[in-house]
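The values are calculated or read from the model by the stated rules, or taken from the named source; none is laboratory data. Just so we're clear, the structure is a prediction, and the values are computed from it rather than from any experiment. Virtual Cβ from ideal backbone geometry, glycine too; neighbours counted across all protein chains shown. Calculation scope for accessible area: heavy atoms of the full protein, side chains included, ligands and nucleic acids excluded. Shrake-Rupley method; radii C 1.70, N 1.55, O 1.52, S 1.80 Å.
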Number of protein chains: 2
Amino acid sequence: MTTDVLHDLALALPGVSLATDSTTLAAYAKDQGPVQELVEPLAVVWAETVADVQNILRWASRTNTAVVPRGAGTGVSGGAHATRNCIVLSLEKMNRILDIRAGDELAVVEPGVINADLNEAVRPHGLMYAPDPASYRISTIGGNVATNAGGLRCTKYGVTRDSVLALDVVLADGTLIHTGHATFKGVAGYDLTGLFTGSEGTLGVVVGITVRLRYLPREVRTVAAFFPDFRTAAAGVLAVGAARVQPAIMELLDGATMAALDGAHGSDLGTRGGALLLIQTDGFGAEAEADAVRTVLSGLGGTVTSAGSAEAERLVELRRHSRGDAVDHELRVGEDVAVPRSQLVHYVAELERMARDHGVRLKVVAHAGDGNLHPTFWVSTAEGAAGAARLDAALDESITVALGLGGTITGEHGVGQFKLRWLSQEQQAEVLELQRRVKAVFDPAGILNPGKAIPGT
Amino acid sequence: MTTDVLHDLALALPGVSLATDSTTLAAYAKDQGPVQELVEPLAVVWAETVADVQNILRWASRTNTAVVPRGAGTGVSGGAHATRNCIVLSLEKMNRILDIRAGDELAVVEPGVINADLNEAVRPHGLMYAPDPASYRISTIGGNVATNAGGLRCTKYGVTRDSVLALDVVLADGTLIHTGHATFKGVAGYDLTGLFTGSEGTLGVVVGITVRLRYLPREVRTVAAFFPDFRTAAAGVLAVGAARVQPAIMELLDGATMAALDGAHGSDLGTRGGALLLIQTDGFGAEAEADAVRTVLSGLGGTVTSAGSAEAERLVELRRHSRGDAVDHELRVGEDVAVPRSQLVHYVAELERMARDHGVRLKVVAHAGDGNLHPTFWVSTAEGAAGAARLDAALDESITVALGLGGTITGEHGVGQFKLRWLSQEQQAEVLELQRRVKAVFDPAGILNPGKAIPGT
């Protein structure tokens, strides 16, 4: 059957790039998320035009073949993992910036445009594309839309959804639709643009994105504050809020994260405190806000960098690029829960207790401005199945406790394949069923990225 | 049949306030939108608890009775107009602020809470609820959610959707669901919170709203700039953007609006220019931003108020409260299109041409920061049907031209009943059909606010 399907595919799509060699299949079998069971796709196809995507989906509908859409494959929840008898539809060649309209403060891009490339292109206009996942140098806008990606600047500028004005989407049957508008505001009809954003390729394939751009800040100021412990540093987050300062970036690093950075970069952060708070302010008020931040954090006993500190800026860049560190001989899982801001201290104390209880290692970094934490748990691979089981138990508990505090299982990475197991802990059965029925409206045959984002598909 | 239904309703809901007297039915037959055909409801019921709403909807499902949910009735698109054989479900008595969590920067409210009352309650915490429709003193948060209301501060702080974190919603069959999360970020499942926001009571009845709060700005600065003509004033909007200033408020008033304000308040705006740009900056950079605004606008030939001008602040308040002015002997319709920002000048020139072509009067005010315009067209009622026909023709053309520029038929008021006729000009048939099918997922019998928001329901 497989050979028949592929033969049919090649015949149906004569001009479309297609690969079935083992190297390619292996390379496109997974994204950067945890793999529970490696499955290779039947084939990888690369769309170069909207018509290609339509033809591919028409073929897939006709042959009832599952389609896994894929950007750069940098997701970390397995949203682009291949599934049984699927083809992977890569959008990476649809990477043109179609329009930059500086006066309208928007741009129109194909899904394969790299986040950083869009920012480079709009910078000469004094504009930026605000959502900045840590992967921004390698991830695509289409992938960012699929996961409703967050980033460091979310606390001030919002997540991907907040910068998406309109979408061109190909539905499972090949129909091309347009949602949204080229204006900042608009309330005609239901918010389908928001519905597609974050739907992880399960409702349609996004082939065009109209994004809102923001002003490139004229001024940026950065403050680093070392604290004796996490508790005081997290209190600093609330104190900055009480001072009514809206930082663009507010990152909180625990001692283990500082030690890891020291190990990787030869720095001496660990000698200077047990927790680090990095705050960046931007815009016309950047200087005044940074002054207020320094006053507030010094008052709490923080050791605060002076104005114009180059070190503070370097630390933010280090943090920005400290993504997904794989380590030999270690089994690692990065988490992505979010909790209400006021619960940061309590939650991290709980994480530390869990790490002790389950005998796993832990480090924590948080987008503290919005309560989104990335704990990393790890054990030595030498511990085998017993270590893996302890890791799983710690993960499970970390999610249950976050939910108990009113949090969510995923702040910005998406559910993908990896987090499906926890979704029913967060969302009631009726809500899951509604989502399955919404999915059926857009993709009645269930060919689009099955087994991702919502259970039972 | 009507008597039977009402008898059944009274029996089914013994504890619920219910009215069928003619004064009440007339008062609840419509909101502030244009009325094409006045229809009175069978009854008005007031829910006081979530259980009341559930019981009412269970009853409505059982008897297949249409339900029109209603907040304060301040909408201007007829979204709360009664329809044939419906009951009006008023949420105005569910008006408690359930929780203010300052550390988490959020509040939980019932739908009937007045927007201004929420702001008063959170002010002592140094916080604000940012979305500020002109009706904020009289409109409810539930109504704001139903229409995804905009306001003056949207350009900086976003629309209602951007401040809604989670919703409690009763579905047509009485099922209570919870969507979203008590965190700023969260990407678990589809964005049902966004789907309900702006759905105008057609997908469910919102009974609880978790809103994100923002910092009450420490500083606010206001600049008023008079220009000889609209073209130059609108150029000022783009120039402020090019200076990378992000105002909280940026309102553009044409000469006719200034004349109307002079008539109503005895001011002399008309002697000072042909267009007025009002800009408010806020936050730590307010002063520096206002300085930059003054420099930019003076450079364009604007007559700019000096720093600390009380007049500029007074003008913003005047603008803020200049809502929906009914005038005796005049047939008036206010519009709500949005166009890409760079098209403001062109679009207003087109509006002026249409007013001449169709022989109607015109004034225009715009939330210029986001290209959302409120043109008001009017004729004398003495002109009878001929005048009304010219008014309709002008309205039609104003919408067609806005759409031709890449705009939308409604920036912030909603489609309701009044704008349904234009929706298919903006949205393709496939998109309208998808929305009907989404509606059917949530409300299969079609009892929730039929004939509103999307056509064919």
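Work out how much length B:Glu352 to B:Asp8 would gain on full extension: take 0.36 nm times their residue separation and subtract the Cα-Cα distance, in nm to one decimal.
118.4 nm
Okay, helix-only estimate at 222 nm for chain B: each DSSP H run of n ≥ 4 adds -39500 (n - 2.57), divide by all residues, round to 500 deg cm²/dmol; what do you get?
That calculation yields -10500 deg cm²/dmol at 222 nm.
So the label point sits 7 Å from Cα along the Cα-to-Cβ vector; using that for A:Glu433, what distances do you get to the other copies, in nanometres, sorted shortest first?
2.8
Would you kindly work out, in nm and rounded to one decimal, the distances from the label point of B:Glu352 to those of the same position in each other copy, ordered shortest first, with label points 7 Å along Cα-to-Cβ?
6.8
B:Lys185: which lysines have alpha carbons under 23 Å from its alpha carbon, excluding same-chain residues fewer than 8 sequence positions away?
Reachable lysines: A:Lys156, A:Lys185, A:Lys363, A:Lys419, A:Lys439, A:Lys452, B:Lys156.
To test your reading of the geometry: what angle, between 0 and 90 degrees and rounded to tens, separates the Cα axis of helix A:344-358 from the longest principal axis of chain A?
80
Please compute the volume of the convex hull spanned by the alpha-carbon atoms of the stretch A:99-227 and report it per residue in Å³.
122
With the full set of protein chains in place, find how many percent of the accessible area of the protein assembly as shown is carbon and sulfur; take the probe as 1.4 Å.
51
Could you check the spin-label model distance between B:Ala393 and B:Ser22? Points 7 Å from the Cα along Cα→Cβ, value in nm.
The two pseudo-label positions are separated by 4.0 nm.
Quick one: angle between helix A:310-320 and the longest Cα principal axis of chain A, in degrees between 0 and 90, rounded to 10, please.
Tilt of helix A:310-320: around 40 degrees.
For the stretch A:152-192, what relative contact order do you get, as a whole percent, if you take Cα pairs closer than 8 Å and at least 6 residues apart?
28
Quick one: check the C-alpha center-to-center distance for the stretch A:97-111 versus the stretch B:363-387, whole angstrom.
31
Tell me the total accessible area that B and A bury against each other, 1.4 angstrom probe, in square angstrom rounded to 100.
6700
How much area per residue is accessible in the protein assembly as shown when the probe is 1.4 Å and only protein heavy atoms are counted (Å²)?
34
Note down the relative contact order for the stretch B:330-414 as a percent, whole number, built from C-alpha pairs under 8 angstrom at least six residues apart.
43
For a quick check of understanding: with a 1.4 angstrom probe and all protein chains in place, what accessible area in square angstrom does A:Cys154 have, to the nearest ten?
A:Cys154 has an accessible surface of roughly 10 Å² with all protein chains in place.
Given points 7 Å out from each Cα along the Cα-Cβ axis, report the B:Arg437 to B:Arg62 separation in nanometres with one decimal.
About 3.3 nm separates the two model spin labels.
So between B:Glu37 and B:Arg272, what do we pick up on full extension, going 0.36 nm a residue minus the alpha carbon distance?
80.3 nm
Measure nothing but the geometry: give the 0 to 90° angle between the long axis through the Cα atoms of B:50-63 and the longest principal axis through the Cα atoms of chain B, rounded to 10°.
That helix lies at roughly 60 degrees to the long axis.
Could you work out the relative contact order of chain A? I mean the mean sequence separation of Cα pairs under 8 Å and 6+ apart, divided by the number of residues, in percent.
Relative contact order for chain A comes out at 16 percent.
Once you sort the root eigenvalues of the Cα gyration tensor of the stretch B:198-330 as a ≥ b ≥ c, which label holds: rounded (a/c under 1.5), prolate (a/b larger than b/c) or oblate (the other case)?
Cα axes put the stretch B:198-330 in the oblate bin.
For A:Ala385, place a label point 7 Å from Cα along the Cα-to-Cβ direction in every copy; what are the distances to the other copies, in nm, shortest first?
For A:Ala385, the inter-copy label distances come out at 8.6 nm.
Give the residue list of trypsin sites (Lys or Arg not before Pro) in the stretch A:68-110 that are DSSP loop and have at most 15 other beta-carbon atoms within 10 angstrom.
For trypsin sites (Lys or Arg not before Pro) across the stretch A:68-110 that sit outside H, G, I, E and B with at most 15 neighbouring Cβ atoms in 10 Å, the list reads A:Arg84, A:Lys93, A:Arg96.
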